[in-house]
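A short write-up of the structure that comes next.
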Amino acid sequence: MAAKKGEKIKYRLAQAIGTCMQTTPVEAITVKQITDICGVSRQTFYRNFLDKYDLINWYFDQLLIKSFEHMGYGQRVYDSLVHKFEYIRQEQKFFAAAFKSDAQNNLKDHDFKMIFEFYKNLITSKKGSFPEKEYGDLLEMYCQASIYMTVKWVLHNTPQTPEELAELMIEAMPPKLGKLFEELDILA
């Protein structure tokens, strides 16, 4: 992923924590280890991130933004999911280590919040509002299930390709939610 000039240090920090994650569980990694590998001060780290989990979540956000940026504007859910899973597969070791953590501000919870808000905002932009009573719980349930399957795919190195996993995610969508996505021309 290409970095903007001001984000280069953030990407360097992400690479450094990725290096640490190859040999150390996320919970045991220190900011000092990250900054030593990256060659920056702790002050520089804390100017950019609250903690190591904030760094992991920022890096994941970059992946999501890249994967989902065109959804609803010519790109469909399937295509966006394939891109997301391809990026995750490229960084499999990083995301496997990150998904193992259940600490506060962990990636699983962050991924859920990001995906849920993304879909909610996309529906709102297409419909003018989000019908919370009609679709809120369905969307929440679908997003939780998709995170569960993503984590399972990464941690257990299941044999599905990104395309197969994206197809499974589409098939698992609750019918009522799928119908809404079809009406909004974003589903397949």
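The values are calculated or read from the model by the stated rules, or taken from the named source; none is laboratory data. Fair warning: this is a prediction, and the values are worked out from it, not measured in the lab. So basically every Cβ, Gly included, is an ideal-geometry build from the backbone, and we count neighbours across all protein chains shown.
Criterion first (surrounded by 12 or more Cβ atoms within 10 Å (Cβ to Cβ) and not in a helix (DSSP H, G or I)) does MET141 satisfy it? Answer is no for this residue.
Among all positions in the stretch 29-40, there is no residue which is modelled with pLDDT of 90 or more, hydroxyl-bearing (Ser, Thr, Tyr) and under 21 Å from the mean Cα position of the chain (by Cα). Note on the stretch 59-86: residues that are more than 9 Å from the chain's Cα centre (by Cα) and at pLDDT 80 or above amount to 10.
Considering every residue within the stretch 94-115, establish whether at least one is under 15 Å from MET173 (Cβ atoms), assigned to a helix (DSSP H, G or I) and either among the hydroxyl-bearing types (Ser, Thr, Tyr) or in contact (Cβ under 8 Å) with a residue 12 or more places away in the chain (or both). Yes, that holds for at least one residue. Among residues of the stretch 152-179 that are part of a helix (DSSP H, G or I), those with a beta-carbon under 8 Å from a residue that is of a type in the set (A, V, I, L, M) and exposed (fewer than 14 other Cβ atoms within 10 Å of the Cβ) at least six positions away or on a different chain give the pairs ILE170/ALA188.
Rundown of residues vs (1) of a type in the set (D, E, K, R); (2) touching a helix residue (DSSP H, G or I) at 6+ places or on another chain (Cβ under 7 Å); (3) surrounded by fewer than 14 Cβ atoms within 10 Å (Cβ to Cβ), yes/no style:
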| position | (1), (2), (3) |
| --- | --- |
| PHE95 | no, yes, no |
| LYS108 | yes, yes, no |
| ASP111 | yes, yes, no |
| LYS120 | yes, yes, no |
| GLU134 | yes, no, yes |
| HIS156 | no, no, yes |
| LYS176 | yes, yes, yes |
